[in-house]
Amino acid sequence: MDSPTSAGDSSTARIVARSSMMDSIRACGLSGLAGVRIDKEVLRRRLLMPEYLRLAMLDSIKKKDVDGGDQHFRLHGSDDVPCPESPMVVFINPRSGGRYGPILKERIKQLISEEQVFDLHDVKPHEFVRYGLACLEKWANNGDRCAKETRQNMRVVVAGGDGTVGWVLGCLGELHQKGREPVPPVAVIPLGTGNDLSRSFGWGGSFPFAWKSAIKRTLHRATMGPICHLDSWHVVLQMPGGEVVDPPYSLKATEECSLDQTLEIDGDVPDKVNCYEGVFYNYFSIGMDAQVAYGFHHLRNEKPYFAQGPITNKIIYSGYSCTQGWFLTPCMSDPSLRGLKNILRMHVRRVNCSEWEQIPIPKSVRAVVALNLHNYGSGRNPWGNLKPEYLEKRGFVEAHADDGLLEIFGLKQGWHASFVMVELISAKHIAQAASVRLEIRGGEWKDAFMQMDGEPWKQPMNKEHSTFVEIKRVPFQSLMINGE
């Protein structure tokens, strides 16, 4: 039987399987040792905003008032003030990167300025968008030349994991919705465990060991890198009664649900429903992989001394997956609790098609993933590099991060998932889709586990009424800076 992967991929798989190590080497700056030395003062002049703009923007954010920094504009004119070539702000998640965040924050403050580096515990990205950027826009419209140039040329760096990057991208998406363009493009300093979004745009897969010198190179690349486009995906979650436990940053309660009316709901709808919505950029998943991620996140939060860095996190994560039934449940549990087929119904809408199509869930699948990028699970490509004839046979197209499609695949028991993760085999291909609806009903299941971009949560189940998850592409694309 022919393999669905491309010819020559036996050697390609071995090369790709080492991509995480190569990402780490590049992240450490070893590949750039022969490069030109980056002068600290020259870099600072390119990034540093004039003091009156920095203070005005910061005061507006602190006061949560667009007019909060007006006094700084009255005291300073912009006629003789040099404007930076690539003004930049940096968001840092202090809980990411084995708790290296605070040290990294101090280093970047030394390279740029204190007012242009935001700790996400203190300043939320939506506050920066609604008050900081709005302050610059106000005074740009009032004729301040430097405020106008700074707003137009602004770039953003996010130091954190995939969830943190997605949080910032989602808040910047408000600018698209309100016509407040241009939208600043985003670069990444990878501080998470998987860092798949970072890998996809050339920023590496791990926190650099030689981080002091690497930070200068990263900021320099962030000023020079070309702009790429990234699809984002809107998620609507409708559930009967109850509340989502520990929802991720990107999932927020909303009063109304906007499920597609062209696909009818079978059965009765409960009198009371709770609705949530959010956005993801890399993947949405349901099943055992999300359950393992949920347990790992709780373990890390309860015992933070375990979280000393990405390598330690990965070792603990691997060990934790063995305790959650990923390998043993098929032999030990009730058959009704094994596969997602028992609780999950899926409909998809293919590209350029208005009709919904039901897709059967393979019997053995214990996790279903809707993937936007090539990278999943710390740089793996579970969809695989598929032969053209296989793509044509299945009605698939070559996958890209900006093609308006999600690749939907399944993972079986732990051994199958393990072989997929080392790229010896591809995952179970289910569909490519422009929209997805998942219907989940409990039966013997009390909870399901879901995750978006590495942020997991436990989803309460109901025997009588279904929970719905609907995924559609956001009509505008996010902007990323390519770090390669």
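Overview of results
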quantity: Verdict on Val117 being touching a strand residue (DSSP E or B) at 6+ places or on another chain (Cβ under 6 Å), hydrophobic (A, V, I, L, M, F, W, C) and over 22 Å from Val474 (Cβ atoms); calculated: yes
quantity: Of all residues making up segment 100-117, the number that are outside any helix (DSSP H, G or I) and either of a type outside the set (Phe, Trp, Tyr) or free of Cβ contacts under 8 Å to residues at least 40 places away in the same chain (or both); calculated: 3
quantity: Any chance Arg199 is modelled with pLDDT of 95 or more and among the basic types (Lys, Arg); calculated: no
quantity: Count of segment 157-175 residues which are within 18 Å of Leu373 (Cβ to Cβ), over 13 Å from the mean Cα position of the chain (by Cα) and open to solvent by 10 Å² or more (accessible area, probe 1.4 Å); calculated: 0
quantity: Leading residue by the ranking (nearest to the chain's Cα centre (by Cα)) among those in segment 180-198 that are farther than 23 Å from Ser213 by Cα and open to solvent by 10 Å² or more (accessible area, probe 1.4 Å); calculated: Pro185
quantity: Contacts under 9 angstrom Cβ, first residue in segment 388-410 being not assigned by the TED database to the domain that holds Asp289 and of a type in the set (Phe, Trp, Tyr), partner open to solvent by 20 Å² or more (accessible area, probe 1.4 Å) and at pLDDT 90 or above, 6 or more apart; calculated: none
quantity: The lone exception for Gln432 - which of (1) closer than 29 Å to Cys228 by Cα; (2) at pLDDT below 90; (3) of a type in the set (S, T, N, Q) it fails; calculated: (2)
quantity: Subset of segment 442-464 (residues that are surrounded by fewer than 20 Cβ atoms within 10 Å (Cβ to Cβ) and of a type outside the set (Asp, Glu)); calculated: Gly442, Gly443, Trp445, Lys446, Lys458, Pro460, Asn462, Lys463
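The values are calculated or read from the model by the stated rules, or taken from the named source; none is laboratory data. Fair warning: this is a prediction, and the values are worked out from it, not measured in the lab. For neighbour counting, all protein chains shown are included, and Cβ atoms are generated from backbone atoms with ideal geometry for every residue, glycine included. When the accessible area is computed, the model is the full protein with side chains, heavy atoms only, and any ligands, DNA or RNA have been set aside. Shrake-Rupley method; radii C 1.70, N 1.55, O 1.52, S 1.80 Å.
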